[in-house]
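Taking it in order: structure first as structure tokens, then the write-up.
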Amino acid sequence: MLDYHVYTVGWICIASTELNVGRGLLDGEHENLPPKPKDDNNYLLGRMNGRNAAIGYPESGLCGSHNVSHVATNMARAFPHIRFGLLISSLLTETQHLLDTFPLDTHPLTQFTTGDDLGDNKPHVGDDYFLTSGDKIRFFFEPDAFSASPDPATGKPALLKPKQQAVNKIGHSLHSLSAPFRAVSLSERNAAIARSLGFKDPRVLQSMVICKQPGIGGAVPPHRDSEFLYTDPPSAVGWWFALQDAGPGNATLGMYPGSHRGRAGGKVRRRFVRRSNDEGVVVGTEFVENDGPGLPRGMEEEEVEGEGPKEEDVEVLEVKAGSLVLIHGNVLHKSEKNTSDRSRFAYTFHVIEGADGWKYDERNWLQPPEDGQGFSKLYQ
Ligand SMILES: O=C(O)CCC(=O)C(=O)O
């Protein structure tokens, strides 16, 4: 008889249309398993594309996004070997739920600015709301979602759009605080990927949904992820999942091929750090020159003139919803402003080496949670 251990594909359904799609994709249905204590989910079990798949939905039927976390938590507990999380629709549902429910009246209206924005002279976002977001779920607005002058009634900038369409990104600890995002992030599959990349003690940090709202989704200027999450020596890798189809039409990722290599000038030359005042109090963020190693261990090589990244070589990626792009921490990449009428939601988190011999820098903008446990372990 089949049991909970044989299921490796998990799918959470909240809408009845999703359940119908899921049922349609099953090559054959299995009988129900004896229920587990405290698990009030319903399951539809079967074969999908040569694998055993479990489709979970709330006991109360299909009725709303608030159930996603509950269903995901039950499912992760009941099916220990779910590795292929067909969770994209659940991540979108959870994202929508987060956008619908965050309170606007207490929000500081922090806007996400990169400090590289041409022409506006705005520094990189660095207020307390941003700096303490490493172990929270917080919402950063698009600068273009606000009126040029403050609302005279409130003295605050006025939102020109519903809040759900005004957020640039949600971060930076979805992987620890939201069950659907946790299931997709701290998974056996990602552990296997990290192992294949040579990580000894991979730690997950800086998880976020980047919304790229239609019409206003801000550009992400060319950068290397190890500039932001610096370890000595560099070790960061980005996991980037398209939650919606991303392509040249809606501000997808643009990669500079080969730009992670030392000979192409791939060293980390600048770092994004916390800025302190003369009294040592953190007052913002800034870019500083990197005086530590600029290349991952084993990749050290000198720059060769003429081999640097060129704008005309940028590869604009076509990424189908559900696909994963792995981003080397030294590779130069960017995305354009989304001037189209299609949003481009993506979920991304980063992994750094937490083993002895690699040091996470105490000046990095994002610091480990205060509970002393360090960043989330990927190897359980
Ligand atoms: O999704 C994007 O637009 C940019 C993502 C990115 O650059 C990153 O995660 O490092």
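None of the figures in this text is laboratory data; all of them are computed from the coordinates on show. Fair warning: this is a prediction, and the values are worked out from it, not measured in the lab. All Cβ positions, even for glycine, are placed from backbone atoms using ideal geometry, and neighbour counts span all protein chains on display.
Please compute one quarter of the surface area of the Cα convex hull for segment 9-82 and express it in square nanometres.
4.6 nm²
Take Tyr129, Tyr57 and order them by how many other Cβ atoms sit within 10 Å, fewest up front.
With the sparsest Cβ surroundings first, the list reads Tyr129, Tyr57.
How large is the helix-only mean residue ellipticity at 222 nm for the chain, computed as the sum of -39500 (n - 2.57) over DSSP H runs with n ≥ 4, divided by its residue count, in deg cm²/dmol to the nearest 500?
So the calculated ellipticity at 222 nm is -4500 deg cm²/dmol.
Taking only complete DSSP H runs, can you tell me which helices of the chain stretch 27 Å or more along their own long axis by Cα positions and average at least 1.0 on the Kyte-Doolittle scale?
none
Under a Cβ-only charge scheme (Lys and Arg +1, Asp and Glu -1), can you give me the dipole magnitude of segment 9-82 about the Cα centre, in debye to the nearest 20?
The calculated dipole for segment 9-82 is roughly 180 debye.
Tell me, what is the FRET efficiency for Glu301 and Glu362 to the nearest 0.05, using R0 = 35 angstrom and their Cβ-Cβ distance as r?
Working from the Cβ atoms, E equals 0.80.
Using only alpha carbon positions, build the gyration tensor of the chain, then give the equivalent ellipsoid semi-axes as the square roots of 5 times its eigenvalues, largest first, whole angstrom.
35, 26, 20
Of Glu312, Glu94, how do they rank once you tally other Cβ atoms within 10 Å and put the fewest first?
Least to most surrounded, the residues fall as Glu312, Glu94.
Expressed as a rounded percentage, what relative contact order does the chain have, with Cα pairs under 8 Å and six or more residues apart?
Result for the chain is 19 percent.
For a quick check: sort Cys211, Cys13 by the number of other beta carbons within 10 angstrom, fewest at the front.
Result, fewest neighbours first: Cys13, Cys211.
Work out, step by step, the length gained on full extension between Ala192 and Glu31: first 0.36 nm times the residue separation, then minus their alpha carbon distance; give nm to one decimal.
54.9 nm
Kindly state, to the nearest 0.05, the FRET efficiency for Ser147 paired with Asp291, given R0 = 51 Å and r defined as their beta-carbon distance.
The formula returns an efficiency of 0.75 here.
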